[in-house]
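A short worksheet on the structure shown next.
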Amino acid sequence: MPAGPSGGGGIVAGYLAPHPPHLVYAENPPQNEPRSTGGWEVLRWGYEELRRRLKAHRPDVLVVHAPHWITMVGHHVNCVPNPRGVSVEPIFPHLFRYHYDFRTDVDLAEAIVDEGARAGLVTSALREEGVRVDYATIGALHLANPDWDLPVVSLSANNNPYYYSDASLAEMETLGAATRRAIERTGRRAVLLASNSLSHLHWDTEPELPEDMGVERPFDHAQYAGDMALLQTIREGPTSRLKEAVPAHIEATSSETKAGSLTWLLAAMGWPAIAGDVLAYGTVIATGNAVVEWVP
Ligand SMILES: [Fe+2]
């Protein structure tokens, strides 16, 4: 395979990188308008470790699949060279109004569109300037690389889990394999980000101080136990066990992985026979969130 700008190409690491807007809010980065007094520190320490490891992998590009850029027809890839604007979390606009301005690796983005179409998927290149980038994409990218000094490729979620409760993950396998072929074809050193939380039942009211950790806890024991069962399988490996464990976890916990980001990531890495390294786990408004690294 051709060498990328930083050396040998290929997928050098994959991360489960959940996007709760609260984690960005808690950090008080200059790009986000609301101010906080902190909160959710253990998860944020996990992300600090992710950042150290990510930099050590010297990637050329970050490729992110996120569940809140929902496309009803086909898998879309953002091919806008310089997306910029304000990303707002519609349920928590008082926590997340984030000013973004980043570069797209357009060559790789177009290669993923092409490889996906060759594999029989409906794919589309987003080329309209000014389309607002969703908060799950921005949240994962900020938390993984707040310096924003790497180009990005952003993929939409076409798993329609919010319309079909039993949406199949099979297309995510195809999209993952197409992503890998595009990365190899372009010779990039790529880090993949799956922007998914785990158990997904959550509170419907908020404390007066959003970062009041006195009320932060799992939704119930079944949701917590479901997350621990999945994380134990991740920690033991190999990843092929997750082909059954992920759908079972979705069934048990309404996991956000039903949007397909985690399956896409593991399929892109070729379901490597390795264990994942869980860097942190914590709840955000009762949802389960884990930061996990896989190095093939
Ligand atoms: Fe989400």
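The values are calculated or read from the model by the stated rules, or taken from the named source; none is laboratory data. What you see is a predicted model; the values in this text were computed from it and never measured. Note that each Cβ is placed from the backbone with ideal geometry, even for glycine, and that neighbours are counted across all protein chains shown. Protein only, heavy atoms only, side chains kept; ligands, DNA and RNA dropped before computing areas. Shrake-Rupley method; radii C 1.70, N 1.55, O 1.52, S 1.80 Å.
Of the candidates ASN28, ASN32, the single residue that is open to solvent by 10 Å² or more (accessible area, probe 1.4 Å) and over 26 Å from THR239 (Cβ atoms) is ASN28.
I'd like to check something: does the range 60-79 contain any residue that is under 23 Å from THR239 (Cα atoms) and not hydrophobic (A, V, I, L, M, F, W, C)? Yes: the range 60-79 contains one or more residues that are under 23 Å from THR239 (Cα atoms) and not hydrophobic (A, V, I, L, M, F, W, C). Counting only residues that are closer than 25 Å to PHE219 by Cα and within 15 Å of the chain's Cα centre (by Cα), the range 240-277 holds 9 of them.
Give me a count of the residues in the range 198-212 that are within 25 Å of the chain's Cα centre (by Cα) and without any contact (Cβ under 8 Å) to a residue 24 or more places away in the chain. Here the count works out to 1.
Kindly establish whether ILE70 is without any contact (Cβ under 8 Å) to a residue 24 or more places away in the chain and in contact with a helix residue (DSSP H, G or I) (Cβ under 9 Å, 6 or more places away or on another chain). No.
Within the range 213-230, residues that are over 20 Å from LEU242 (Cβ atoms) reach partners that are open to solvent by 70 Å² or more (accessible area, probe 1.4 Å) with beta carbons closer than 7 Å, at six or more positions or on different chains, in the pairs PRO218/TYR224; PHE219/HIS202. Taking into account only those residues within the range 170-205 that are open to solvent by 40 Å² or more (accessible area, probe 1.4 Å) and within 16 Å of the ligand (Cβ to nearest atom), which is nearest to ALA248 (Cα to Cα)? Looking at the filtered set, the residue picked out is HIS200.
Tally time: how many residues in the range 91-120 are hydrophobic (A, V, I, L, M, F, W, C) and open to solvent by 20 Å² or more (accessible area, probe 1.4 Å)? Quick ask: steps written out before the conclusion?
Step one: of the range 91-120, the residues hydrophobic (A, V, I, L, M, F, W, C) are 91-92, 95-96, 102, 106, 108-109, 111-113, 117, 119.
Cutting the leftovers down to open to solvent by 20 Å² or more (accessible area, probe 1.4 Å) gives us 91-92, 106, 113, 117, 119.
Summing the residues that are hydrophobic (A, V, I, L, M, F, W, C) and open to solvent by 20 Å² or more (accessible area, probe 1.4 Å) in the range 91-120 gives 6.
Of the residues VAL215, VAL246, VAL284, VAL278, which single one is β-branched (Val, Ile, Thr) and in contact with a His (Cβ under 6 Å, 6 or more places away or on another chain)?
Testing whether each residue is β-branched (Val, Ile, Thr) and in contact with a His (Cβ under 6 Å, 6 or more places away or on another chain) leaves just VAL284.
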